[in-house]
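First the structure, in the form of structure tokens, and then the observations on it.
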Ligand SMILES: Nc1ncnc2c1ncn2[C@@H]1O[C@H](COP(=O)(O)OP(=O)(O)OP(=O)(O)O)[C@@H](O)[C@H]1O
């Protein structure tokens with residue numbers, strides 16, 4: 001298992017953003033759904049080792065993130081796209097991804113090829129020498145995906161990666177997720193149920209800091225067939241049916 005969490009909690013003052021989550025994940029693409037404020041970003045930040053948990057236990061890649069040396073090892077093998085990625089606007093696409101690769105302790109001789117491959121994977125080969133300040137919002141999101149995958153991570157955490165991507169790029173991105181998910185654990189938070197249907201083998205649905213559903217996309221769709229769900233597509237109906245049930 002690459003992710004083993006039990007009774008995991010994270011509070012901000014009196015707010016329980018993550019409230020007793022249990023999850024075990026091996027390789028594959030896991031879609032994290034849930035309404036605004038459900039706790040998806042907080043959970044991903046804990047998994048990315050940028051936010052310590054308030055309670056519960058957490059093992060990542062069979063290592064303990066609470067221990068300094070093991071946390072470093074996790075960070076080398078991790079890819080993380082935060083909701084808001086900070087960057088230096090004067091860097092070029094290539095320079096920025098190279099910088100992240102070096103921060104991840106990648107062997108320097110492997111970096112040029114890895115950076116070029118990551119840039120190609122997100123379809124930015126022709127913009128590699130462009131400064132970040134000159135890119136569109138969707139292109140910057142793709143730079144964010146490239147920096148997250150440059151080290152071929154064993155654990156990849158993506159917070160709303162497809163926000164702002166055009167349809168062609170979303171299709172290319174799903175292919176990339178499926179490829180990475182053959183070997184790595186990919187956790188992707190999204191509001192777009194089409195992404196879940198097309199790329200995720202398993203789905204989790206969060207509400208008020210808790211995971212109220214885990215199963216395959218087909219199982220989530222089936223929850224909508226029983227009625228009680230609203231939406232245009234089976235997955236949307238399953239999503240809203242589970243939320244309605246959990247809230248009642
Ligand atoms: N740094 C913080 N300080 C105080 N409260 C926070 C902080 N970060 C998150 N919260 C609160 O924790 C709860 C969960 O927020 P979080 O951003 O994890 O949800 P989310 O599911 O990612 O939402 P969205 O879909 O809007 O991105 C919210 O009520 C939010 O206001």
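The values are calculated or read from the model by the stated rules, or taken from the named source; none is laboratory data. Everything quoted here is computed from the prediction, not taken from an experiment. Every residue, glycine as well, gets a Cβ built from its backbone with ideal geometry; the counts of neighbours run over all protein chains shown.
In this structure, is residue 178 in a helix (DSSP H, G or I), more than 16 Å from the ligand (Cβ to nearest atom), under 28 Å from residue 122 (Cβ atoms) and in contact with a strand residue (DSSP E or B) (Cβ under 7 Å, 6 or more places away or on another chain)? Lay out the reasoning, then the answer.
Details: in a helix (DSSP H, G or I): yes; more than 16 Å from the ligand (Cβ to nearest atom): yes; under 28 Å from residue 122 (Cβ atoms): yes; in contact with a strand residue (DSSP E or B) (Cβ under 7 Å, 6 or more places away or on another chain): yes.
The answer is yes for residue 178.
The single condition among (1) assigned to a strand (DSSP E or B); (2) without any contact (Cβ under 8 Å) to a residue 60 or more places away in the chain; (3) under 21 Å from residue 83 (Cβ atoms) that residue 188 does not satisfy is (2). Against the numbered list (1) away from the ligand (no atom under 16 Å from the Cβ); (2) without any contact (Cβ under 8 Å) to a residue 60 or more places away in the chain, residue 86 comes up short only at (1).
Table: residues versus (1) crowded, with 19+ Cβ neighbours inside 10 Å; (2) within 16 Å of the ligand (Cβ to nearest atom).
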residue: 31; (1), (2): yes, yes
residue: 56; (1), (2): no, yes
residue: 60; (1), (2): yes, no
residue: 74; (1), (2): yes, no
residue: 81; (1), (2): yes, yes
residue: 94; (1), (2): yes, no
residue: 100; (1), (2): yes, no
residue: 103; (1), (2): no, no
residue: 110; (1), (2): no, no
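Within the stretch 186-206, take every residue that is surrounded by 19 or more Cβ atoms within 10 Å (Cβ to Cβ) and within 12 Å of the ligand (Cβ to nearest atom) and give me the one that is farthest from residue 174 (Cα to Cα). My answer is 206. Does residue 39 satisfy being buried (at least 17 other Cβ atoms within 10 Å of the Cβ), within 12 Å of the ligand (Cβ to nearest atom) and at pLDDT 95 or above? So residue 39 fits the description; yes.
Considering (1) within 13 Å of the ligand (Cβ to nearest atom); (2) surrounded by fewer than 21 Cβ atoms within 10 Å (Cβ to Cβ); (3) closer than 21 Å to residue 83 by Cα, the lone condition that residue 14 does not fulfil carries the number (3).
Those residues that are closer than 15 Å to residue 41 by Cα and part of a loop (DSSP other than H, G, I, E, B), I need them from the stretch 141-161; list them, please. Once the filter is applied, which keeps residues that are closer than 15 Å to residue 41 by Cα and part of a loop (DSSP other than H, G, I, E, B), the stretch 141-161 yields 160, 161.
Across the stretch 17-29, the qualifying residues are those that are within 18 Å of residue 246 (Cβ to Cβ) and surrounded by fewer than 17 Cβ atoms within 10 Å (Cβ to Cβ), and the one among them that is nearest to the ligand (Cβ to nearest atom) is 20. The one condition from (1) under 17 Å from the mean Cα position of the chain (by Cα); (2) closer than 30 Å to residue 15 by Cα; (3) not in a helix (DSSP H, G or I) that residue 183 does not meet is (2). As a summary of the residue check, residue 45 satisfies the conditions (1) more than 18 Å from residue 1 (Cβ to Cβ); (2) buried (at least 19 other Cβ atoms within 10 Å of the Cβ); (3) modelled with pLDDT of 95 or more; (4) away from the ligand (no atom under 15 Å from the Cβ) except for the one numbered (4).
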